[in-house]
Structure formats: C-alpha cells, structure tokens
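Note sheet for the following structure.
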Amino acid sequence: MDLLITLDKVPLNVPVKIVSIKSEFSNKKRLTELGFTENCEIIPVHISPLGDPTAYCIRGTIIALRKEDAENIIIMPKEV
Amino acid sequence: MDKKIFTVALVGNPNTGKSTVFNALTGLKQHTGNWTGKTVGNAIGNFKYKDTAFDIVDLPGIYSINPTSPDEKEATDYLKENKPDVVVIVADATCLERNLILILQITELCHNVVLCVNLIDEAKRKNIYIDTKKLSYELGIDVISTNARNKKGLEKLKETIYKNTVKIFTKINSSENKIFKNKKDNYEKNLNSTISNAEKIYRLSVKTDCCYTCGIDRKIDNIVLSRKAGIPLMLLMLSIILWITIFGANYPSHALSTFFTFAEKKLADFFTYINMPAFIHGIFVDGIFRTLAWIVAVMLPPMAIFFPLFTFFEDLGLLPRIAFNLDKFFKNAKTHGKQVLTMCMGLGCNAAGVTACRIIDSPRERLIAIITNNFIPCNGRFPGIIAISSIFIAGTGVLASLKVSIVVLASIIFAIFITLIVSKILSSTILKGMPSSFILELPPYRKPELKKIIVRSIFDRTLFVLGRAVAVAAPIGAVIWILQNTFIGGNSVLSYLSDFLDPFAHIMGLDGVILAAFIIGIPANEIVIPLIIMFYLKNPSLVPFEDTKELSELLIANNWTIKTAVCTILFSLNHFPCSTTLLTIKKETGGLKWPAITFLIHTSVGIFICITANLFMSIFI
Ligand SMILES: Nc1nc2c(ncn2[C@@H]2O[C@H](COP(=O)(O)OP(=O)(O)OP(=O)(O)O)[C@@H](O)[C@H]2O)c(=O)[nH]1
Ligand SMILES: [Mg+2]
C-alpha cells in the first residue's frame, strides 16, 4: 500500500488530491465542513517557523493544520 | 392590523463581514476584526425600511449548522429558538465554493433566506466574477452582492429583506419549521451530497482565473510566516507598538499632569476660600481628585495609544498569523492553537480575553485558556509597569523610552512563558488530556480603516476607561482617604492593614502598602499605582508631583529599591485577576469553582515568583 500517503508528508507547493479522511479521526466532521472532501485539490503553502503547523490552500481558503491532524488525511498525487 | 416588527438574522462563515453589514445597516458599532472568531455573542440592533421596522441580530460566524464550539452553538441556537423572519447569509465572494456548503445547509432548513455576497470589491480585485442571477436561480433565493465596508449594495439588501417579509404573509400557512430536525447520523451523509451540490453550483455561477497560491498574500506570508523572519518580525512589531505607546504617551501625560497640578491648587484654594471642613477637603481633593488625576494623566495616555495600534494590526490580519507562528509551543503545552488569539485579546482586557475563549471547541483546552488568560498583562497594567520601569530601570535620556519598551516587551515574553508552563502543568494535572487540534483559517491581508480605528478607540477605550475611573476609582479614592484618616488607638485603619501585611510582603520583596494596594485594587488594575502613592502620601499637605522625578523621590523615601521595583512589576504581572475578569470567568464557566481556582493559581504563582526573585536578587545584588 505505497499509495496511501498522508497530507503531512506532502512537500510545500505540491498540489495533491484528497482521497479520504480516516473515519476514526475526531475532527473529521469539521474538516469535511471546511471542504476537505474526496477529489478536492489541496496545496501546502506555508510551514510555521517552528516546523508545525502547516497552512494549506483548499477551495480558495487558507487553512492551517497541525501535523497530527494532517496525518489523518489520505491523499494521492494529482495526475497531470 | 398591528405593525409587526420583523426579525432578521445575519449568519455566515466567520470573517465574511457580518458585523460590518450589521453596523452599516444599524449605524451601531459592533466590533469587527480580520480574523475568524471576532464575534462570540449575539448583538441586536434595528433599522427601518419604508416604514417597516426590523430587528436585526449579528451572530458569531459558523462553518456549518452543526456547531462545534460554544460560539457556533450560540449562533445555531439562535436560529433554532428564535426562528427569525428573514435569514440573511453573508458570504465571502472570494471563497464562495466553501461558503456554499453552509449556504445550502441553511436554505434547506430555513424559510426566507437572502444571500448577501459580500467583499465583492476583493473578488473583483482577484478576478473572480460571480453571476448572481445564475446563483439566485440555482439556489432559489434572492442574491445581492455588497461591499459592506464602503456601504455599496446595502439599499438593495434592505429592499430585498423587505420584499422577503411580504412573502411571509403570502405563505403564512407553510410555516412548519424544518430547522434542525435532521439526525446526527444522517448529517454526515447529507454533508457529502451538499458539498458536491456546492461544487456544481460554484462551477455554474463563478468564473475565475485567480491563482490562489501565487497572489500577493502568499508573497507576504512567505516572509511573515517564514522560518528565518517569522518570529523576529513579530517581536519587532510588538516592540514598535510598545515603543510608540511609551514614547507617544510622554507628551500628553506631561501636559495632563501639569494641568491637574494646577487644577488641584485652584480647587484647594477654592475649598479653603469657602471654608470647607477639612475632611470634605480631604475626601475630594486628596482622595477623589488625586486618584482620578493620576489615572487620567498617567494611565490613560498609554492605553489610548496602545489600543488603536493593536487594532490596526488586528484589522491587517496578523493575529491568526501570530497563532500560526507560535502554535508549536502551545501544542507542546498540550493546549489549543487558538489560545494565542485569546491571549492577544487579553492584552487589551483580560475579561474580553476570557470571553474570547468561546472560540475554543474542546472544554478542557478552553478552561486552560480561561484560567491562564490573566497571566497576560492587560492594558490596565501596562502603564504601571511603564511608570515603575521608567523610574528604576530606564533612567532618563534619549534612550529611556526604548529601555522601558524593552522592559515591557520582556514582561510580555515572560508572561507568555508563564502561561505555557502553567498550561502544561494544568494539562498534566487537573485538566489532563491531549491537545485537540489547530484548525485555523488565515484570512487575507486587509487594509485597516484608520478613521474607524481611531473613532472606535476613542469611544471604546478612552471613554470606557474614563467612565470606569469615575465609577470605580473615585469611590475607592474617597474610601481610602477615609480609612487613612480614621484613627483607632493612634493608628489609621489603613496602617493596620499594611502593618499586618508588611512582614509577609517583605518576603516577597514588596512592602505592606504595595500588597494592600493590590488587594484593594481588585476592582480595577489601573488604580493600584495611584493607591500606592496615596498610601505613601500620609501627610496630605505634601506637594503633588508633576513628573516622575517627584514620584521617584516619594518611592525612594519609602525605601523602594530596584528590588522593590522588580518585585512590584512581577507581582503586577502575576496576581489575582481583577473582579471584572473573575465575574466573567464565573459567567463563562457557570459556577464559582473555576474563578476560585483561577484566583488561587494566580495568587500562588505570583507569591512564588516574587519570593524567588527576591531571594535571587538578595543573593546576587
Ligand atoms: N474590502 C472589504 N472588506 C470588508 C468588507 N466587509 C467586511 N470587510 C472587512 O472584513 C473583516 C471582517 O469583518 P467582520 O464584520 O468582523 O466579519 P464577521 O463576519 O463579523 O466575522 P466573525 O465575527 O469573526 O464571524 C473586517 O476587517 C472588515 O473591515 C467588504 O465588503 N469589503
Ligand atoms: Mg462579527
């Protein structure tokens, strides 16, 4: 299962696609409401000076997530 | 038929301009700010259109109709319980795709919904074109685009709200209310179909070639949030704010002191002239007048300057970025990332900071943020710290205000440090748990509106502080004078208190008078220093001081040393919250338990720090 990459592993400015949010994750509802859904494009745009959290661009908004949260979001590379 | 007053509710995602629309419609001054979570409670106002009266409610921003945090619950509860006649959704034109999720949820559940696509000016600038006709057709509701800041499109909005009230009469029978009937398990299923629906409508009605990842905001953030510059820039900005505050406050302070000294002489002359009894003279001139004069001359100028500067950076959109840059520290202390935002509010006023904690969804982390908020020195405590450090630490000369700024900056950094330590201790003892999350939106940078900032700071801050000075400080000034001049067995009542506290206070590097002033100053932090001065001025015929030189002579005459100064500053940073803050904690947590715990924690931390610092300095200095 090499293809199961999580959002926290994505380097800056590389656009990827969301596959799913792990169902046991407690913030799943909130993230879904923020538009984190299947097939949605997401791009990491900034990393905090201390290395965590990271800010992502999704649906025209910038949302910052801690590493622990981003680990629950499974993504795949965006096919070109 | 009775004229009905219609109720209108403003709902929408956070930071879309609901409060700005509210202010534009009602002429009121709800606080606005460029970050998500500025409004945490409901505000009610009213307006008239074509002789129809409307009550309008400004609600906290929400991401969905299914609330996650207390401030969101406030908004959805309102919709549920009050069933407003017209619901106006305020949406952000620059990110309509995300906004549509909530819009669809609300249209599904409420009648008479009007969509106000706000921030249309920003959208235009970013090359985002919105086909409002198409949007209106797809959603089946009226859609208006507005620029609330410049009051564009608001007449149209009023007209549309008005038109929708007419609909109420026509479909009076169809009033069964569907709001919030959906069950929890259905919710997530519905959510996904709502989102794909939102995507579809977005594609049909919005055209854009906007590059979200390469705009000017990202370029600025590449510096502000960068590894090298991020934290130094924040410190630099804070130092600049403090320096402008301290340097700028010098002049009005000096002018006001001169004026009040003059006025006091005149007042005293007048009282003597009309043969006023000595005790009335004492209460009014030495008690009330002096306390008020001190607060207005010394405490007010820094507050009046600091507040607009702070608001400027808030409107610019910096607060969430500070939270972003510092989050790792808070994660390590096992607390919520949004705690930084509540601390920023605490810098203005701790009671406001405690209320702001509603933006934190997890109860455990919210309590930690509430308990520790008072470690951040509020606006009412700065001026005292400034006054003491300019006497004992900075000296005089060109660099004086720079040195004082550094002391205040160090105080704030120290306060953040203590907050983190105490938060960490709380997270591993009485409020055990893991950090929940940091899901925070970074808003676009916005140009602050200078005129509004200045008007707001004059009314909200300057007049507020003046009002509080009159309401709290004046009576306390009178009471203190009475206590000071009522003698039992040759000693004044007040000196019994300070003598009683004296031995313990000395262990803390203070003296009985200072400690007594802190205790009596519970109603308002800004009166502590004036109280200390009044206690020392046992002989009322002493000349009032016109500048810091006389104040420093007075303090030195009462055995103040650098040690006393440092310990007083430390105790000012770490002591029991003022009564307003305690009452707010009681209100926010619903009981006496947490205010009591907060009181105990802050008092013991303060005592501990002062004793340690005193010991340390006694050994090394
Ligand atoms: N350029 C522009 N700025 C606007 C407009 N409307 C509001 N703003 C700015 O957007 C920011 C947010 O406005 P608020 O009214 O505080 O937003 P809110 O929806 O009440 O936010 P919350 O209370 O946090 O939910 C402020 O800095 C406003 O000055 C607009 O039409 N154009
Ligand atoms: Mg608001």
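The values are calculated or read from the model by the stated rules, or taken from the named source; none is laboratory data. Keep in mind that what you see is a predicted model, and the values were worked out from it rather than measured. Here the Cβ positions follow ideal geometry from the backbone for every residue, glycine too, while neighbour counts run over all protein chains shown. For accessibility, only protein heavy atoms count, side chains too; no ligands or nucleic acids. Shrake-Rupley method; radii C 1.70, N 1.55, O 1.52, S 1.80 Å.
Please list the helices of chain B that count as membrane-span-like by this rule: a mean Kyte-Doolittle hydropathy of at least 1.6 together with Cα atoms stretching 30 Å or more along the helix axis, each helix being a complete DSSP H run. Please list the in-between numbers first.
Values: long enough: B:184-205 (31 Å, -1.27); B:230-273 (63 Å, 0.97); B:400-428 (42 Å, 2.11); B:593-620 (40 Å, 1.46).
Long hydrophobic helices here: B:400-428.
Run lengths n ≥ 4 of DSSP H only: what is the helix-derived mean residue ellipticity at 222 nm for chain A, with -39500 (n - 2.57) per run over all residues, to the nearest 500? Could the numbers behind the result be given before it?
Details: 2 runs with 10 residues, N = 80.
When only DSSP H runs of four or more count, the value is -2500 deg cm²/dmol.
What net charge is computed for the residues neighbouring B:C214, neighbours being all others with C-beta under 13 Å from the C-beta of B:C214, Lys and Arg scored +1, Asp and Glu -1? Show your work: numbers first, answer last.
Details: positive: B:K126, B:R218, B:K219; negative: B:D209, B:D217, B:D221.
Charge balance near B:C214 sits at 0.
When the Cα atoms of the protein assembly as shown are enclosed in a convex hull and the volume is divided per residue, what value in Å³ results? Don't skip to the answer; put the middle values down first.
On the way: hull volume 133.6 nm³, N = 701.
Spread over its residues, the Cα hull of the protein assembly as shown gives 191 Å³ apiece.
I need the peptides A:43-51, B:570-578 ranked by packing, meaning the mean over residues of other C-beta atoms within 10 angstrom, with the highest value on top. Mind dumping the intermediate values first?
Values: A:43-51: 20.0, B:570-578: 23.1.
Ranking, from highest mean packing down: B:570-578, A:43-51.
Going Cα to Cα from B:K200, which aspartates and glutamates come in below 20 Å? Please leave out same-chain ones fewer than 8 positions away.
Candidates past the 8-residue exclusion: A:E33, A:E38, A:E41, B:D92, B:E97, B:E108, B:D131, B:E138, B:D142, B:E188, B:D209.
Order B:367-375, B:267-275 from most to least packed using the mean count of other Cβ atoms within 10 Å.
On the way: B:367-375: 27.6, B:267-275: 11.8.
Descending mean neighbour count gives B:367-375, B:267-275.
How many Cβ atoms of partner chains, on average, are near each residue of B:312-321 if near means within 10 Å of its Cβ? Write down the numbers at each step before the final one.
On the way: counts 0, 0, 0, 0, 0, 0, 0, 0, 3, 4.
Average per residue, whole number: 1.
Whole-Hz Karplus ³J(HN,Hα) for the stretch B:447-457, in order, using 6.51 cos²θ - 1.76 cosθ + 1.60 and θ = phi - 60°, x for Gly and Pro?
6, x, 8, 4, 4, 5, 4, 5, 4, 5, 5
Take every DSSP beta bridge with both residues inside the stretch B:1-115 and express the antiparallel ones as a percent of the total, to the nearest 5. Don't jump to the answer; show the numbers that get you there.
Numbers: 7 of 19 bridges.
Restricted to the stretch B:1-115, the bridges split so that about 35 percent are antiparallel.
In terms of the Cα gyration tensor, with a ≥ b ≥ c the square roots of its eigenvalues, is the stretch A:5-77 rounded because a/c is under 1.5, prolate because a/b exceeds b/c, or oblate?
Numbers: a/c = 1.43, a/b = 1.24, b/c = 1.15.
Judged from the Cα gyration tensor, the stretch A:5-77 comes out rounded (a/c under 1.5).
Net charge near B:E122, counting Lys/Arg +1 and Asp/Glu -1 over other residues with Cβ under 9 Å of its Cβ? Could you put the intermediate results ahead of the total?
Details: positive: B:K124, B:R125, B:K126, B:R446; negative: B:D92, B:D121.
Neighbour charge sum, excluding B:E122 itself: +2.
By DSSP, what percent of the beta bridges with both residues in the protein assembly as shown are antiparallel, rounded to the nearest 5? Show your work: numbers first, answer last.
Values: 34 of 53 bridges.
The antiparallel fraction comes to roughly 65 percent.
Projecting each Cα onto the charge dipole of chain B (Lys/Arg +1, Asp/Glu -1 at the beta carbon, about the Cα centre), which of B:T372, B:T213, B:A43 comes out farthest on the positive side?
So the residue we want is B:T213.
Beta carbons within 10 angstrom, averaged per residue: use that to sort the peptides A:7-14, B:389-396, B:302-309, highest first.
Values: A:7-14: 14.6, B:389-396: 18.2, B:302-309: 21.9.
Put in order of decreasing packing, that is B:302-309, B:389-396, A:7-14.
Pull up the cross-link candidates among the aspartates and glutamates for B:K432, meaning alpha carbon to alpha carbon under 18 Å and not fewer than 8 places away within one chain.
B:D361, B:E365
Once the mean 1/r over all distinct Cα pairs of the stretch B:5-214 is inverted, what Kirkwood radius in angstroms do you read off?
For the stretch B:5-214, inverting the mean 1/r across all distinct Cα pairs yields 17.2 Å.
Percent of accessible area on the protein assembly as shown owned by carbon and sulfur, 1.4 Å probe? Don't skip to the answer; put the middle values down first.
Numbers: 19340 of 30110 Å².
It is 64 percent, rounded to a whole number.
Let me check I've understood the local charge: for A:C40, count other residues with C-beta under 12 angstrom from its C-beta, Lys and Arg +1, Asp and Glu -1. What total comes out? Walk me through the numbers before you get to the answer.
Working: positive: A:K17, A:R59, A:K78, B:R98; negative: A:E38, A:E41, B:E97, B:E199.
With Lys, Arg at +1 and Asp, Glu at -1, the neighbours total 0.
Averaged across B:223-233, how many Cβ atoms of other chains sit within 10 Å of each residue's Cβ atom?
Numbers: counts 0, 2, 8, 4, 5, 1, 1, 5, 3, 1, 1.
Mean shielding by partner chains, rounded to a whole number: 3.
Across peptide B:66-72, how many C-beta atoms of other chains are within 10 Å of each residue C-beta, on average? Provide the component values of the computation, followed by the final result.
On the way: counts 3, 0, 4, 1, 0, 0, 0.
Whole-number average of other-chain Cβ neighbours for B:66-72 is 1.
What pairs in B:K124/B:K452; B:K158/B:K452; A:K78/B:K73 have C-alpha atoms more than 28 Å from each other?
Details: B:K124/B:K452 24 Å; B:K158/B:K452 23 Å; A:K78/B:K73 37 Å.
In this structure, A:K78/B:K73 lie more than 28 Å apart at Cα.
At 7 Å along Cα-to-Cβ for each site, give me the label-to-label distance between B:I556 and B:E108 in nm.
Inter-label distance under the simple model: 7.4 nm.
How much accessible area per residue does the stretch B:5-214 have, counting only protein heavy atoms and a probe of 1.4 Å, in square angstrom? Could you put the intermediate results ahead of the total?
On the way: 9090 Å² over 210 residues.
Ligands and nucleic acids excluded, the figure is 43 Å² per residue.
Which entries of B:K563/B:K586; A:K67/B:K338; A:K9/A:K29; B:K38/B:K334 have Cα-Cα distances beyond 27 Å here? Don't skip to the end; give the middle numbers.
Working: B:K563/B:K586 35 Å; A:K67/B:K338 16 Å; A:K9/A:K29 22 Å; B:K38/B:K334 24 Å.
Pairs exceeding 27 Å: B:K563/B:K586.
Could you grab the relative contact order for the stretch A:5-77? Cα pairs under 8 Å, six or more apart, rounded to a whole percent.
Working: 133 pairs, mean separation 31.3, N = 73.
This gives 43 percent for the stretch A:5-77.
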